[in-house]
Amino acid sequence: MTKPSSSQHASELKRLLNEYNYQYYVLDQPTMPDAEYDRLFRELVELENAHPELQTPDSPTQRVGGHAIKEFPAIKHQVPMLSLENCFNDEELMAFDKRVRERLSNVSQVEYVCEPKLDGLALSLRYENGILVQAATRGDGETGEGITENIRTIPTVALQLRGDNIPRVLEVRGEVYMPREKFTALNERLESEGKKLFVNPRNAAAGSVRQLDPKITAQRPLAIFCYGLGAVEGWEIPATHYAMLQQLKVWGLRVCPLIKVVGNIQGCQQYYADIGAQRPTLPYEIDGVVYKVNQLTWQKQLGFVSRAPRWAIAHKFPAQEAMTILEAVDFQVGRTGSLTPVARLKPVFVGGAKVSNATLHNMDEIKRKDLCIGDFVIVRRAGDVIPEVVNSILDKRPVQTQEIMLPAHCPVCGSDVIHPEDVAAARCSGGLFCPAQRKEAIKHFAARKAMDIEGLGDKLVEQLVDTGLVRTVADLYHLTLEQLANLERMAEKSAENLLHALEQSKNTTLPRFLFALGIREVGQSTALNLANYFGDIAALRQASIEQLLQVQDVGPIAAMSITAFFQQAHNNEVIDALVKAGIHWPTITPLSEQTLPLAGQTIVLTGTLEQLSREIATEKLQALGARVSGSVSAKTSVVVAGRDAGSKLSKAQELGVAVHDEAWLLRLLTRDL
Ligand code: IVH
């Protein structure tokens with residue numbers, strides 16, 4: 001049994017941490033030093049580990065994301081989630097105000113609450129006795145999906161309400177969104193991992209909350225603003241919408257600070273203009289503003305038409321879409337070598353700005369949107385995000401269009417382009433040589449975990465490349481004191497130090513050197529495995545995909561990326577130049593020649609094995625140092641023939657290669673021969 005003191009202590013820790021979270025994320029006014037937060041957090045984690053029954057859903061430790069689930073449960077909304085009527089101009093807006101006033105016995109002025117219309121996705125949060133018990137998407141308005149575990153991971157979502165007079169049931173409606181900057185950073189991360197990018201912040205938010213594994217959602221920078229209510233029990237709702245929002249804030253729910261009360265519809269027009277002007281600099285995307293009648297008695301009186309309230313309207317910003325012609329597609333090479341297709345468009349005005357280029361993200365997107373050169377396409381500009389092509393208009397497709405093809409060679413350096421299946425991004429394989437990748441390649445080469453060239457920081461790399469002193473990493477080793485000392489902001493002493501560091505870096509290790517080459521998919525540990533397996537760079541350069549697959553942790557994508565890298569003459573020239581400049585490392589005895597019992601043996605498995613699967617047999621043989629091959633040749637050491645062995649067995653007999661049965665294999669694997 002848990003001692004009452006532990007449980008009290010846990011509650012106190014949860015309360016303190018949730019309070020801090022509220023001050024940090026909701027009020028944007030941190031009051032507790034981060035170190036103190038971390039200390040309390042760790043204390044709570046330890047306490048919960050020791051007493052798992054104290055780990056309640058409202059504990060801040062639960063924000064990291066719990067277990068993955070198979071599907072989202074359907075949640076019926078106790079109060080339906082409605083949508084809003086839209087208006088696009090002053091005339092429609094005035095008509096709305098007139099309808100409202102007429103239905104309210106011709107009052108002369110109506111007070112409205114003005115709110116930004118956030119471009120995210122609607123969410124319903126249910127608190128019972130102040131604890132978040134459920135979060136659901138809007139769905140069709142009647143029934144949504146339960147995404148509670150995912151929503152718990154969002155730092156601006158209160159896990160427990162704070163303060164007094166907490167209602168028995170409080171359903172809060174709001175919008176989940178991804179801040180614009182965070183969206184850009186997320187896409188950059190996804191790009192560098194070769195993953196599919198999100199088209200805009202709204203899609204990113206929607207995709208993130210619908211992850212079956214909450215741990216993934218936990219890593220996505222989501223936030224929420226609350227703007228309304230659903231079911232409520234045990235609370236006398238205040239007289240106005242605005243007062244209601246103020247109370248939500250007191251309970252720790254995040255409400256958009258740009259919300260304002262205005263005295264009449266002219267105030268709404270002014271608000272629309274003000275927010276429109278702020279729109280490009282807001283940290284999140286909005287697609288309009290929303291006006292809501294402030295008096296709740298009046299809201300009740302006005303009621304609903306079909307699926308929308310009569311007491312509210314969305315005033316949308318002008319559609320930022322236009323139609324034009326896709327004239328060509330170019331491929332831009334990013335600093336990490338990824339190839340991004342860029343649409344060249346017949347210039348068109350979209351939301352007041354001329355657009356002649358738009359991103360197409362990647363080849364999958366082109367396929368998904370069914371685009372061809374010559375097509376009529378819809379272009380969209382959202383905020384100050386790069387314009388994008390939304391889709392082609394198939395009805396208008398001209399007879400002669402041209403398919404969009406991924407180039408076989410990098411448009412910048414001519415190296416082969418590789419595009420493994422299942423990976424969104426296509427890449428240039430000329431990592432060491434490609435001018436588009438130059439700066440990143442040199443920064444990576446110099447890094448501490450790579451060649452460890454002290455004093456060669458990012459700024460200096462930029463300077464060296466911009467002044468034309470360094471084109472590839474090999475040029476680093478030919479820099480002179482004079483060249484360096486002539487650089488801006490470079491003292492002679494620093495120049496000397498850098499030359500010294502370069503000299504020292506020549507004495508390196510093979511794993512470091514391999515890592516420094518910046519081959520995609522070759523991180524530190526793969527570099528180490530490759531070095532141990534091959535012993536020297538010459539053997540690695542000639543390695544086939546099949547051989548590479550024998551190396552620990554090297555899968556098909558890495559193997560392909562390694563062979564592609566070494567197939568580029570340019571990369572090899574840079575490596576040769578580096579070795580010539582004096583880079584050296586102690587030799588390693590390759591694993592394949594070490595004392596593993598089956599080192600140097602090539603074994604072929606054929607026919608059906610009864611006792612163990614071919615995959616397992618292969619793994620076990622490889623672990624003992626053997627190479628397992630799919631075809632029989634004079635170099636084959638042994639053929640293991642299972643039941644119904646066919647052509648490979650005959651070939652072995654023809655070539656005089658030793659043939660054994662499965663029983664022999666089992667004895668070999670148990671070392672009982
Ligand atoms: S009020 C009955 N307020 O717009 C009231 N909605 O077109 C219904 N939205 O599904 C919603 N910001 O996802 C409201 N300040 C705001 C909003 C907002 C964004 C979204 C929401 C809703 C859609 C309706």
From Leu170, Leu118, Leu159, Leu132, grab the single residue that is within 14 Å of the ligand (Cβ to nearest atom) and not β-branched (Val, Ile, Thr).
Leu118
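When you scan the stretch 290-309, how many residues do you find that are more than 10 Å from the ligand (Cβ to nearest atom) and basic (Lys, Arg)?
The first filter runs over the stretch 290-309 and keeps only residues more than 10 Å from the ligand (Cβ to nearest atom), leaving 293-298, 300-303, 305-306.
Now restrict to residues that are basic (Lys, Arg): 300.
Summing the residues that are more than 10 Å from the ligand (Cβ to nearest atom) and basic (Lys, Arg) in the stretch 290-309 gives 1.
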Identify the single condition in (1) over 17 Å from Ala218 (Cα atoms); (2) surrounded by 15 or more Cβ atoms within 10 Å (Cβ to Cβ); (3) out of contact with any Leu (no Cβ under 7 Å at 6 or more places or on another chain) that Gly65 does not satisfy, given that it satisfies every other one.
(1)
Taking Phe515, is it crowded, with 21+ Cβ neighbours inside 10 Å and over 25 Å from Leu621 (Cα atoms)?
yes
Yes or no: the stretch 187-202 includes at least one residue that is within 16 Å of the ligand (Cβ to nearest atom) and of a type outside the set (Lys, Arg).
yes
Starting from the stretch 72-97, keep only residues that are closer than 21 Å to Leu302 by Cβ and part of a strand (DSSP E or B), then list their pairs with residues that are away from the ligand (no atom under 12 Å from the Cβ) and not charged (D, E, K, R) whose Cβ atoms are within a distance under 9 Å, requiring at least 6 positions of separation or different chains.
Cys87/Leu93; Cys87/Ala95; Cys87/Phe96
Given the structure, is Thr143 of a type in the set (S, T, N, Q) and more than 16 Å from the ligand (Cβ to nearest atom)?
no
Across the stretch 354-372, the tally of residues that are in contact (Cβ under 8 Å) with a residue 60 or more places away in the chain and touching a strand residue (DSSP E or B) at 6+ places or on another chain (Cβ under 9 Å) stands at 4
Whether any residue in the stretch 394-404 is among the hydrophobic types (A, V, I, L, M, F, W, C), surrounded by fewer than 15 Cβ atoms within 10 Å (Cβ to Cβ) and on the phi < 0 side of the Ramachandran plot is what I want to check.
yes
Within the stretch 272-347, which strands (runs of 3 or more DSSP E) (wholly inside it) include 1 or more residues that are among the polar types (S, T, N, Q), buried (at least 17 other Cβ atoms within 10 Å of the Cβ) and touching a strand residue (DSSP E or B) at 6+ places or on another chain (Cβ under 7 Å)?
321-333
Please identify the pairs in which a residue from the stretch 105-127 that is under 16 Å from Gln301 (Cα atoms) has its Cβ atom under 7 Å from the Cβ atom of a residue that is within 13 Å of the ligand (Cβ to nearest atom), counting only partners at least 6 apart or on another chain.
Val110/Val293; Tyr112/Tyr291; Tyr112/Lys292; Tyr112/Val293
Across the stretch 478-505, which residue is farthest from Val579 (Cα to Cα) among those that are in a helix (DSSP H, G or I) and polar (S, T, N, Q)?
Ser494
Residue list for the stretch 260-289, filter: more than 13 Å from the ligand (Cβ to nearest atom), over 28 Å from the mean Cα position of the chain (by Cα) and closer than 12 Å to Lys117 by Cα
Tyr272, Gly276
Taking the residues in the stretch 553-594 that are of a type in the set (Gly, Ala, Ser) and outside any loop (DSSP other than H, G, I, E, B) as candidates, determine which candidate is nearest to Ile453 (Cα to Cα).
Ala577
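Please find, among Ser192, Ser208, the residue that is touching a Phe, Trp or Tyr at 6+ places or on another chain (Cβ under 9 Å), among the hydroxyl-bearing types (Ser, Thr, Tyr) and either at pLDDT below 95 or crowded, with 20+ Cβ neighbours inside 10 Å (or both). Explain how you work it out, then say what you get.
Details: Ser192 fails: touching a Phe, Trp or Tyr at 6+ places or on another chain (Cβ under 9 Å).
Exactly one residue qualifies, and that residue is Ser208.
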Note on Lys459: of the conditions (1) farther than 18 Å from Gly337 by Cβ; (2) in contact with a helix residue (DSSP H, G or I) (Cβ under 8 Å, 6 or more places away or on another chain); (3) among the basic types (Lys, Arg), unmet is (2)
Condition test on Lys182, is it surrounded by fewer than 20 Cβ atoms within 10 Å (Cβ to Cβ), basic (Lys, Arg), within 20 Å of Lys117 (Cα to Cα) and under 21 Å from the mean Cα position of the chain (by Cα)?
yes
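Restricting to the stretch 617-658, name every residue that is closer than 16 Å to Leu549 by Cβ and either in a strand (DSSP E or B) or among the β-branched types (Val, Ile, Thr) (or both).
Thr618, Arg627, Val628, Ser629, listed by residue number.
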Name, by its number, the condition in (1) farther than 20 Å from Leu222 by Cα; (2) modelled with pLDDT of 95 or more that does not hold for Arg126.
(1)
Would you point out which residue out of Leu258, Leu253, Leu245, Leu197 is within 20 Å of Asn150 (Cα to Cα) and aliphatic (A, V, I, L, M)?
Leu253
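Does Ser505 satisfy the criteria of being surrounded by 21 or more Cβ atoms within 10 Å (Cβ to Cβ), hydroxyl-bearing (Ser, Thr, Tyr) and either over 30 Å from Ile616 (Cα atoms) or within 37 Å of the chain's Cα centre (by Cα) (or both)? I'd like the intermediate steps shown before the answer.
On the way: surrounded by 21 or more Cβ atoms within 10 Å (Cβ to Cβ): yes; hydroxyl-bearing (Ser, Thr, Tyr): yes; either over 30 Å from Ile616 (Cα atoms) or within 37 Å of the chain's Cα centre (by Cα) (or both): yes.
Here the answer is yes, as Ser505 does meet what is asked.
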Conditions (1) of a type outside the set (Asp, Glu); (2) on the phi > 0 side of the Ramachandran plot; (3) modelled with pLDDT of 85 or more; number of the one not met by Asn49
(2)
On the given criteria, is Phe198 aromatic (Phe, Trp, Tyr) and without any contact (Cβ under 8 Å) to a residue 40 or more places away in the chain?
yes
Would you confirm, using the coordinates I've provided, whether Val261 is in a strand (DSSP E or B) and more than 14 Å from Ile313 (Cβ to Cβ)?
yes
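Are any of the residues in the stretch 351-360 buried (at least 18 other Cβ atoms within 10 Å of the Cβ), assigned to a strand (DSSP E or B) and at pLDDT 95 or above? Don't jump to the end; show me each part of the working.
Here is the first cut: in the stretch 351-360, the ones buried (at least 18 other Cβ atoms within 10 Å of the Cβ) are 355, 358-360.
Now narrow it down to the ones that are assigned to a strand (DSSP E or B): 355, 358-359.
The next check asks that each one be at pLDDT 95 or above; those that pass are none.
No, that holds for no residue.
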When the residues of the stretch 313-357 are filtered to those that are of a type in the set (A, V, I, L, M, F, W, C) and within 16 Å of the ligand (Cβ to nearest atom), which remaining residue is farthest from Gly194 (Cα to Cα)?
Ile313
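The values are calculated or read from the model by the stated rules, or taken from the named source; none is laboratory data. Everything quoted here is computed from the prediction, not taken from an experiment. Reconstructed Cβ throughout: ideal geometry from the backbone, glycine too, with neighbour counts over all protein chains shown.
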